[in-house]
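S.K.: First, the structure itself, so that you have it in front of you.
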Amino acid sequence: MFQKLNLRAILASAVAAVVTVGALISLAQAQTGEPIKIGFSMALTGPLAGAGKGALLAMKVWEDDINKKGGLLGRPVKLIYYDDKSAPAEVPGIYTKLLEVDKVDLIMGPYATTQIAPAIPVAMGKNKLIISLFGTAVNHDFKYARYFSMIPTGPNPKPAFTQGFFDIAMQQNPKPQTIAIVAADAEFGRNVMDGARENAKVAGLKIVYDRTYPPSTTDFAPIVRAIQAANPDIVVICSYPLDSVGMVRAVNEIGYKPKMIGGGMVGLQFTAIKMQLGPLLNGFVNYDTWLPVKTMQYPGVLEVVAKYQARAAAEGVDPLGYYLPPWAYAYLQVLEQAVTATKSLDDAKLADYIGKNTIKTVIGDVKFGPGGEWTEAKMPQIQFQNVKGNTLDEFKDMSKTPVLTPNSVKTGDVIYPYEKAK
C-alpha cells in the first residue's frame, strides 16, 4: 500500500513538474521575445516639423494597430527614432547609430527629399532596404535597387510634381505664353525646378525668369518684385514651408497678380500654415497628396485619420493630418506586407517582394517600378477658393480646396485667372 501511494505521489509530482516547467518556458518565451526594431529619423524640430511630427504620430498608430494584431512574425514591433531637426547633416549619423548601436532589424527613410538623400548612402553601405517618405527623384543618381519611394510622382518624378499645374494652365483660353520658375536652392527645390523646366518646354512656354534663392532667405519681396518685372503669365514656385509662407505674404503685400501661381510649394498643406495665412491663400494652385474627398476615400484611410485625430491634440500635432499621416501609415504597410508575405526580415527578400507586387495601402494600391518610383503618377493639384477666415473649420470644408487634377480624383474647377479668385 505504501509503495503504491508513493508511486502515485511520484507520478503526480512529475506531471505537475512538467506542467510547471512548460508554463515557465512559455512565460519566459513571451517575456523575452525580442521585438522587431524598425529605425528611422524624422523631422521633429525645425521647419519641417509641422509635417514630421504628424507623420510620427501616424507611425505610432500603425505600431499600435500591428501589435494589437499580434505583431509581425509573432513578435512585437518597436519603432526606434531620432529627431533629424530638419537638417540633412544630422541624418547620416542617426542612421549609422540605428544600424551599428541600436542594431535595428529594419530601417525606414526620413521625411522630405533633403533628408532622404543623405540616408541612402548609409543604407547602401549596409545593403539595407529603405522606403522613403515624400522624396522627389532622390534615387535618380544613386540608382539603388533596394530603395522605394512613397510619393505619387510616378516613373518620371521631376516633371510629375508640377505636371498637373501645367495641364490646368494650358487648358485656359487664351493659353499662357510665358512663365517664371523660382526655387529654393536645395535638393527638393532644384529637382522640382528641373521638372518645371521640362514641362515648360513641352508646353511651348517661354521662360522669362529662372532663378534659385538661398534657403536662408527671409525677405521674399525683392524676389516677387523681380518676377513681377519679368511679367510672366504664370509662376511656378518650388519652396519649403517657411519660404512658402514668405512667398504668399509677399505676393499679397505687393498686390502681384499673375494669371496662375503656385505648383510646388511645401507647407501650404499644413493646417497650422493654412490657418495662419487664411484668405491670403485664395487663388494659389498647388500640389497636395490626400484630402478626405469622396474620390480619395480608399479602404481604411478614414479610420486611420480618425485614430490620428483622436490623439493629435495631446501630441501637439497638425489637428487634421490630411497631408502626411495617411502616407506615413501606408509606407509602413508596404513594409508590413512584405515581411508577412516573405516571412522574413531579410532585406534582399523584402526588396524583391516589394518590387514585384502590388501593395494594398490606405492611400490605395501601390506598384513600384524602375528606381523604386511608382509606376503611375497620381500627384493632385488643388486650388484655394473662397477662404474667408483663419479657423480650423475653413479647412475642414473641402469646397475651399477642390481637387483639380488628376481627373480620376477631380472634385472642382480652377478659378482663372488668379485675380478672380482673390
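S.K.: Taking the Cα centre of region 61-162 as origin, sum charge times position over the Cβ atoms of Lys and Arg (+1) and Asp and Glu (-1), and report the length of that vector in debye to the nearest 20. Please list the in-between numbers first.
M.R.: On the way: 12 positive and 10 negative charges, 61 e Å.
Approximately 300 debye in magnitude.
S.K.: Per DSSP H run of n ≥ 4, the term is -39500 (n - 2.57); total these for the chain, divide by its residue number, and report the mean residue ellipticity at 222 nm rounded to 500 deg cm²/dmol. Mind showing how you got there, number by number?
M.R.: On the way: 15 runs with 192 residues, N = 422.
Calculated mean residue ellipticity at 222 nm is -14500 deg cm²/dmol.
S.K.: Given Cβ point charges of +1 (Lys, Arg) and -1 (Asp, Glu) and nothing else, what value in debye, to the nearest 20, does the dipole of the chain about its Cα centre take?
M.R.: It comes to approximately 680 debye.
S.K.: On to the next question. Roughly speaking, what is the centre-to-centre gap between region 224-289 and region 171-212 when only Cα atoms are used, to the nearest Å?
M.R.: 15 Å
S.K.: Something else about it: Within straight cross-link reach of residue 356, meaning Cα distance under 18 Å, which lysines are found once same-chain residues fewer than 8 apart are removed?
M.R.: Result set, ordered by chain and number: 128, 143, 343, 367.
S.K.: If R0 is 60 Å, what FRET efficiency do you get for residue 407 and residue 101 from their C-beta distance, rounded to 0.05? Could you put the intermediate results ahead of the total?
M.R.: Details: r = 49 Å, r/R0 = 0.82.
Once rounded, the FRET efficiency stands at 0.75.
S.K.: Under a cut-off of 22 Å between alpha-carbon atoms, report the lysines in cross-link reach of residue 420, not counting same-chain residues fewer than 8 places apart.
M.R.: Counting by Cα, and skipping residues close in sequence, residue 420 has these lysines nearby: 175, 257, 259, 274, 388, 400, 410.
S.K.: Give the aspartates and glutamates whose C-alpha is closer than 20 Å to that of residue 103, dropping any in the same chain fewer than 8 places away, or say none.
M.R.: 34, 63, 83, 84, 90, 336, 346, 347
S.K.: Compute the whole-percent fraction of alpha carbon pairs in the chain spaced more than 35 Å apart. Provide the component values of the computation, followed by the final result.
M.R.: On the way: 28113 of 88831 pairs.
I get 32 percent for the Cα pairs in the chain exceeding 35 Å.
S.K.: What does the charge count near residue 221 come to, summing +1 for each Lys or Arg and -1 for each Asp or Glu among other residues with Cβ under 14 Å from its Cβ? Each step should come with its number before you reach the end.
M.R.: Details: positive: 225, 249; negative: 219, 243, 253.
Combined, the nearby Lys, Arg, Asp and Glu give -1.
Throughout, read-outs are computed from the coordinates displayed, never taken from laboratory work. Since we're looking at a predicted model, the values are computed, not measured. In this analysis, Cβ positions are derived from the backbone assuming ideal geometry, glycine residues included, and neighbour counts consider all displayed protein chains.
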